[in-house]
Amino acid sequence: MSEARLRTVYSGSHRKLVLAFDIGTTFSGVSYSILDPGEVPEIKGVTRFPAHEHVRGESKIPTVVYYDQAGNVRAVGAEAVQEGVVSDVALEEGWVKCEWCVAFKFILTITVTSESNRITNNIPPLPPGKTITQVLADFLLYLYKCTQTYIQSAHPNGRDLWSLASSSDNIDYVLSHPNGWEGYQQTQLRDALVLAGLVPADGLSRVSFVTEDYLKDSEYHDDIDHIVRCFDQSTKVRFGSDKQPQYVKFGGTRDNDASCNIRFGQLKLEGSDVASFFEPSISCIVNSVREQVKSDKQRSIKHVILVGGFSSSDWLLGKVDEALRPLGLNVIRPDSHVNKANFVSQLDTKSKDQMKTIDYEVWCYKGTDPDPRWKDTDPGNYMKLCTVQIDTSRLPFTRKPSKASRKELPEQEFWFLRYSCILSFSSGNGLHAQMAWVDSQGIEKRSPANVVYEPNDR
């Protein structure tokens, strides 16, 4: 893997301990660093928590707090999700469960809109007499105590180290928060630290904040492109729940960075974060369909067919269907969704004749980016190179019943046209195109396709 990013040698005059709290919607964790004068800091993670010891090396615990009727903390993190706690003690004694204790992420930024009302209505109520700042303070204090226990037991001189740091106020704190948060929200986070007794009211200079950017300061920063490719090929396709953590396998067992949730070559992501990656595409699809329905009053649009590799995502399909079904639209995904060239259309004889020629535009990148991927990142340097014209008159259309992954289309029939467009490049002969298909005997056939260049590109 990549070389570790160089960190600056600590220039302070005495030893200091830095604790970083990462409180997530579902899971939370702690990283820490011991700063010794003249030494390069090393970031470590707290990997042992109460009731979680059996999960060796796990650096996250559930973001859950149980309170009794008097408002006292009774169970936190992994302790709060133990079967015995949930089924017996909590019910018998009337404990109040406060998950989403990081609902503060929403509450602290709330403005009076219909969307904010929808969010706050879905957040479970806080325990009686508790504010969100108090709940956060209780959770921070729990993480602090877990960190104390871990450092004292994990380091040979752990007890002396902790005693020296805590007695002389040599502990600094780092809290992560969402992008866009400013002074108002940070003030409330500081208040929670003061309320928890971790810093005095006049010691707020020991508190700093970072935004929630993955891998920003990790030694795997230079491997982000590779991690993204691994995500596209596996995690993105399998993703189906925003309630469960997701894993991106990109390296080997020696690749570990607890501060960035990397363990044994796998990057752990919150399900809610992965869901947010899909949101721009989902919104684009839904808005495009809505505009099409709105602008085309003459035709009654009833069905939306998702094709291409991205349509293989169950999450994408479910969210698009959820948004469009109230409009009376049926969203389906044919079994042959993996390849856009597996062209699916609801055709009658007349429209089949109209599909004898299909055009594909070929674009090229003329900028300086060594790894161009998306046209919108450098639009001025993408140019249309040519158009590939495919004659489909030789290809057999196959009449098949619908095999959609969702509800079958009533009284409908599909014609399937399967083919591939093959592009080959040669320094001496330029670009050539072919059309390939499989005949009824299972034998691949090929025929040339016509390449029409733009006037100024050849």
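The values are calculated or read from the model by the stated rules, or taken from the named source; none is laboratory data. Just so it is clear, the model here is predicted, and its values are computed rather than measured. Note that each Cβ is placed from the backbone with ideal geometry, even for glycine, and that neighbours are counted across all protein chains shown. Surface areas here come from the heavy atoms of the whole protein model, side chains and all, with no ligands, DNA or RNA. Shrake-Rupley method; radii C 1.70, N 1.55, O 1.52, S 1.80 Å.
Can you compute the modelled spin-label distance between Gln441 and Ser393, with each label point 7 Å from Cα toward Cβ, in nm?
Taking the two extended label points, one gets 2.4 nm.
Among the listed pairs Lys243/Lys319; Lys145/Lys268; Lys319/Lys375; Lys384/Lys445; Lys236/Lys294; Lys249/Lys319, which are separated by more than 21 Å between their Cα atoms?
Values: Lys243/Lys319 15 Å; Lys145/Lys268 24 Å; Lys319/Lys375 25 Å; Lys384/Lys445 29 Å; Lys236/Lys294 31 Å; Lys249/Lys319 25 Å.
Correct reply: Lys145/Lys268; Lys319/Lys375; Lys384/Lys445; Lys236/Lys294; Lys249/Lys319.
So, for segment 232-326, what is the accessible surface per residue at a probe of 1.4 Å, expressed in square angstrom? Walk me through the numbers before you get to the answer.
Working: 5270 Å² over 95 residues.
Using a 1.4 Å probe on heavy atoms only, each residue of segment 232-326 averages 55 Å².
Collect residues whose amide H, placed 1.01 Å from N in the peptide plane, falls under 5 Å from the amide H of Val210; neighbours closer than 5 in sequence don't count.
Result for Val210 returns Leu175, Ser176, His177.
Highest first, please rank the peptides 366-379, 268-281, 436-449 by the mean number of other Cβ atoms sitting within 10 Å of their residues. List each step's numbers first, then the result.
Numbers: 366-379: 9.8, 268-281: 15.6, 436-449: 11.5.
Going by the mean number of other Cβ atoms within 10 Å, highest first, we get 268-281, 436-449, 366-379.
Kindly state, as a whole number, the per residue volume in cubic angstrom of the convex hull around the alpha carbon atoms of segment 225-299. Before the final figure, lay out each step's value.
On the way: hull volume 8.4 nm³, N = 75.
Each residue corresponds to 112 Å³ of Cα convex hull volume.
Taking θ as phi - 60°, what are the ³J(HN,Hα) couplings along segment 199-207 by the Karplus curve (6.51, -1.76, 1.60), each to the nearest whole Hz, with x for Gly and Pro?
9, x, 4, 9, x, 6, 5, 8, 10
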